[in-house]
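See structure below.
The values are calculated or read from the model by the stated rules, or taken from the named source; none is laboratory data. Predicted model, so just to flag it, every value in this text is computed and none were measured. So basically every Cβ, Gly included, is an ideal-geometry build from the backbone, and we count neighbours across all protein chains shown.
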């Protein structure tokens with residue numbers, strides 16, 4: 001079960017965008033000071049957002065800082081098999097002893113523990129002792145704890161530390177991923193090829209990196225640099241219409257999920273343009289996408305105005321959190337207008353923390369303020385001083 005370091009998955013090779021900055025910072029903290037801040041640290045998000053990369057980056061950095069650490073790394077399926085084998089062999093106690101003796105436990109694909117009651121029971125049996133002894137637990141899953149079909153007590157353990165939502169990389173981060181992988185492999189691309197690859201509908205960093213690898217192979221085979229128009233065939237994406245610009249590519253992508261866009265419905269194009277613009281700025285647009293998929297036109301002006309107002313509030317909250325020096329200033333919540341309530345709660349907590357950290361005001365002499373005799377003495381003293389100065 002011991003962790004085997006992989007130099008490909010480090011914090012240096014991880015490209016953190018707006019949707020993953022908080023997760024990367026929390027993971028680094030867990031690696032540098034295991035068991036002292038967030039325990040457990042629970043990372044969740046769609047495929048390709050970098051959960052497994054950060055999980056391995058924790059192990060790599062921890063062993064770089066302290067090579068003597070005992071780091072355990074398993075997927076949920078591997079853990080289920082480990083426990084089943086230990087039960088069959090009568091070595092369950094030895095297995096749990098190894099967990100208790102570890103310094104860091106990394107567990108991937110936690111959502112696959114749904115329905116695995118025996119594994120949940122064994123983890124519950126030692127969970128508190130693991131945490132109390134300072135062992136750092138870092139978990140990764142496709143779903144948040146509240147949506148994983150496990151027992152209530154086990155769900156509470158999963159959510160008992162810091163839970164961080166990792167959202168897909170926006171356009172600029174995808175481009176950075178492509179360029180960094182090209183630099184790592186020593187691949188030289190023609191003008192605009194890196195940007196064209198970043199725009200293709202590839203889900204996450206792994207597919208983007210694999211795309212760079214395929215470009216390298218194709219260029220080595222052909223002895224020339226590829227053109228942007230050749231990319232879909234090289235990376236295995238069917239490109240029926242070869243869109244002429246970014247917006248056309250976006251519309252084709254939307255069409256594949258919601259059906260053919262209806263000709264002569266300007267509201268759809270206006271809404272799609274708004275989605276593209278806000279996604280390019282790094283914000284989640286789920287509210288607008290839901291409206292675009294509807295059969296009938298929404299109250300478009302009200303919808304866009306409400307979305308813009310919530311964005312403005314989010315930006316104001318983000319600015320104040322940054323001014324307060326709050327760690328939550330990098331939260332993915334601040335990129336999602338549908339989570340405005342959570343953002344307001346983050347700000348309230350940061351304000352309260354800042355208020356607690358302020359020095360206490362000097363004590364007020366309530367006896368002086370409320371005692372007529374003392375006030376009278378003060379006035380007599382002022383009168384005497386005035387008479388002396390006039391004399």
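Quick one: in segment 1-59, which of the residues that are part of a helix (DSSP H, G or I) and more than 17 Å from the chain's Cα centre (by Cα) is modelled with the highest pLDDT? Selected residue: 59. Residues that are surrounded by fewer than 20 Cβ atoms within 10 Å (Cβ to Cβ) and assigned to a strand (DSSP E or B) within segment 60-83 comprise 74, 75, listed in sequence order. Does any residue of segment 122-134 turn out to be closer than 26 Å to residue 49 by Cα and surrounded by 15 or more Cβ atoms within 10 Å (Cβ to Cβ)? For segment 122-134, residues closer than 26 Å to residue 49 by Cα and surrounded by 15 or more Cβ atoms within 10 Å (Cβ to Cβ): absent. For segment 27-49, a residue qualifies if it is buried (at least 23 other Cβ atoms within 10 Å of the Cβ) and under 26 Å from residue 283 (Cα atoms), and the qualifying residues are 27, 41, 42, 43, 44, 45, 49.
Here are 178, 150, 87, 131: which of them is assigned by TED's automatic domain parsing to the domain that holds residue 39 and touching a helix residue (DSSP H, G or I) at 6+ places or on another chain (Cβ under 7 Å)?
Working: 178 fails: assigned by TED's automatic domain parsing to the domain that holds residue 39; 87 fails: touching a helix residue (DSSP H, G or I) at 6+ places or on another chain (Cβ under 7 Å); 131 fails: touching a helix residue (DSSP H, G or I) at 6+ places or on another chain (Cβ under 7 Å).
Matching residue, one of 178, 150, 87, 131: 150.
Just one of 169, 140 is in contact with a strand residue (DSSP E or B) (Cβ under 9 Å, 6 or more places away or on another chain) and either in the same structural domain as residue 26 (by TED's automatic domain parsing) or under 20 Å from residue 286 (Cα atoms) (or both); which is it?
Numbers: 169 fails: in contact with a strand residue (DSSP E or B) (Cβ under 9 Å, 6 or more places away or on another chain).
Just a single option satisfies the conditions, and that option is 140.
Considering only segment 109-122, state which residues are out of contact with any helix residue (DSSP H, G or I) (no Cβ under 8 Å at 6 or more places or on another chain) and part of a loop (DSSP other than H, G, I, E, B). Show your work before the answer.
The first filter runs over segment 109-122 and keeps only residues out of contact with any helix residue (DSSP H, G or I) (no Cβ under 8 Å at 6 or more places or on another chain), leaving 114-115, 117, 121.
114, 115, listed by residue number.
Do the conditions hold for residue 106, that is, is it assigned to a helix (DSSP H, G or I) and closer than 22 Å to residue 49 by Cβ? Spelling it out, it is not the case that residue 106 is assigned to a helix (DSSP H, G or I) and closer than 22 Å to residue 49 by Cβ.
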